[in-house]
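As structure tokens, the structure follows; a few thoughts come after it.
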Amino acid sequence: MVLINGNIITMDSSRPKASCLAVGCGRIIAVGEKKKVLAESNDATVIDLHGKTVIPGFIDSHVHGVALGSSLSRINLRGVKSIREIQRIVQRRVEVTSNGDWVIGRGWDQDQLSENRYPTRFDLDEVSPHNPVLLYRTCGHVCVVNSRAINAAGLTAHGSTEELQGGWIDLDDDTGEPTGILRENALKLISDVLPKPNSDELTGFCLAACQKMVEEGITTVHWIVSSPGELQILSSLEKRNLVPLRIYIMIPIEYLGHLVSLGISTGFGSDRLRIGCVKVMCDGSLGGRTAALEEPYADSIGSRGALLLSREQLEEYVKKAHLGGLQLAIHAIGDRTIGIVLETLKNVIQSSSELEHRHRIEHASVLNPTLMEKMRSLGVIASIQPHFIASDFWITERLGKTRARWTYPLKSLLEKDIVSVAGSDAPVEPVSPLMGICAAVTANATPSENLTVDQGLRLYTLMGAYASYEENVKGSIEVGKFADFVILSEDPCKIQPEQIKEVKVEKTIVAGEVVHDRKDHRSP
């Protein structure tokens, strides 16, 4: 394949722009001007780009794969403006659901609801008396369920409602009964009684997620698996050449012992499916006020969130993973959590400084100059989700002006030479790198923290490759690297920043093969 007459943004500092590139055996074999590239590419299929823009394939560094796939067929509550609207949407789904079957959805945000409160079991009971209902808040750290779901989980009044380890069940002040709101680890009480998807359903979710991602121009994803069965299905799909993109697996920390005992470290696998990092959950979310802060939330005096792990447990995990050659991806949003994580990493890294690491803090939301300096000195990667900036419109009210100033400080992270990579956290946020770049460039409450378009592109390309130890084979359009790239309808560097999210992915190409062609998906 040879692409000619294009606007090729290479992300290669030695050759930032080119007009042509050639592909052979899944790799880039030539980059440059038309005459030279054609001379090096005999008998190739020629594609005339007619000035269209080509960029390296996007790398999304944080996706919950099966959750994304399943969400595509479940209730979508993103952007709803009232509890009444939630009720109408749930009622429509109930009408086409058999009695007793679960109704599941995601995406509500109490700060966007006109009633200015959380939905409750009673709101859901009005429209679903015979079906258990489970609706996740947009962050996934809080949910609301109806009475049928509460009964299925055995959460009756005054029973099984004590504070859990790292989880909470909201109780009515007057009756002591569950309100239907569950937080953090309490969600497991519901997930334990949900019907488990069978192998065919899991396969469908995985394939749906893959298809959605290549439509968005993603050629590599850092995929958080939820079970060994999910990993087994991905492995089977990869062996049958049914995975259209490259997958870097993020494995929950509860399987750390299995990886270490088998001698499996980061990088094990093929160039399509590789073991990546182990993921550790240390706190919750800002939206649910469960992220652990040094000082109370500005809009909820007395509440500082909470740690989901003890320091001793965290240190045990970090040491075992680090010594076992496994990259760590540690979920830490609040400044209190980030401080504890960095201190733990410092102790372990310094005690075995001969070992290379590219450990990551996932989200790294509430920072300050001191925390950023510690991240820089330790070489810790900030794995950030730029679209949080657009979604968390309430951030100043929730944290106050001083802390809000240092929440999602993207420009400062780069200026302090902290390696930063970007992801969507889908299905928490839309699995669209272009929407993420748009947010990174335009949406920060502190305008000086907005990035340039070039910086935004690097978060989703070169830096994403570095985070998976693959900067030598992907992330830029250079000779010898994988032929993973995207053809866009417009150059994001030459339009108004607010329009970047409207740019269309015309084609997605992985290993020189077209895995998405927009014209095939257009309505006649």
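The table below gives the values:
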item	result
Set of lysines near Lys212 by C-alpha distance (under 25 Å), chain-local residues within fewer than 8 positions excluded	Lys52, Lys196, Lys239, Lys279, Lys474, Lys481, Lys501, Lys504, Lys507, Lys519
Simple label model, 7 Å out from Cα along Cβ direction - Ser351 to Arg117, nm	5.0
Within region 1-108, GluC sites (Glu not before Pro) in DSSP loop having at most 13 other beta-carbon neighbours inside 10 Å	Glu33
Chain lengthening between Tyr255 and Arg15 when straightened (0.36 nm per residue, less Cα-Cα)	82.1 nm
Per-residue [θ]222 nm for the chain (sum of -39500 (n - 2.57) over DSSP H runs n ≥ 4, rounded to 500)	-9000 deg cm²/dmol
Approximate spin-label separation Asn472-Glu343, in nm, with each point projected 7 Å along Cα-to-Cβ	3.8
Ranked packing of 107-115, 434-442, most packed first, by mean Cβ within 10 Å	434-442, 107-115
Charge dipole (debye, nearest 20) of region 74-191; +1 at Cβ of Lys and Arg, -1 at Cβ of Asp and Glu	680
Extended-chain gain in nm, criterion 0.36 nm per residue less alpha-carbon gap, Thr452 and Phe268	62.7 nm
For region 1-43, size of Cβ-based charge dipole, Lys and Arg +1, Asp and Glu -1, in debye	120
Net dipole in debye of region 321-429 [+1 Lys, Arg Cβ; -1 Asp, Glu Cβ; about Cα centre; nearest 20]	300
Förster radius 30 Å - calculated FRET efficiency between Asn5 and Gln91 (Cβ-Cβ, nearest 0.05)	0.05
Volume per residue of the C-alpha convex hull in the chain, rounded to whole Å³	159
Surrounding net charge for Lys279, when Lys and Arg each add one and Asp and Glu each subtract one, Cβ distance under 13 Å	-2
DSSP-defined beta bridges in the chain - what % are antiparallel, rounded to 5	45
Ranked packing of 11-17, 472-478, 448-454, most packed first, by mean Cβ within 10 Å	472-478, 448-454, 11-17
Within-12-Å neighbourhood charge of Met213 [Cβ basis; K, R +1; D, E -1]	-1
Peptide ranges 505-515, 234-244 listed from the most packed, as the mean C-beta count within 10 angstrom indicates	505-515, 234-244
Selection of trypsin sites (Lys or Arg not before Pro), region 54-156, meeting DSSP coil and at most 15 other Cβ within 10 Å	Lys81, Arg117
Signed unit charges on C-beta, dipole axis of the chain, positive-most listed residue Thr402, Gly379, Val473	Val473
Convex hull projection area averaged over all views, region 74-191, Cα basis, nm²	6.7
For the chain, with +1 on Lys and Arg beta carbons and -1 on Asp and Glu, the positive-most of Ser351, Val453, Thr10 along the dipole	Thr10
Footprinting exposure proxy for Ser365, Ser73 (fewest neighbouring C-beta atoms within 10 Å first)	Ser73, Ser365
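The numbers here are math on the coordinates, done by the rules we state, and not lab data. This structure is a prediction, so every number in the text was calculated from the model and none was measured. Positions of Cβ are generated from backbone atoms using ideal geometry, with glycine treated the same way; all protein chains shown enter the neighbour counts.
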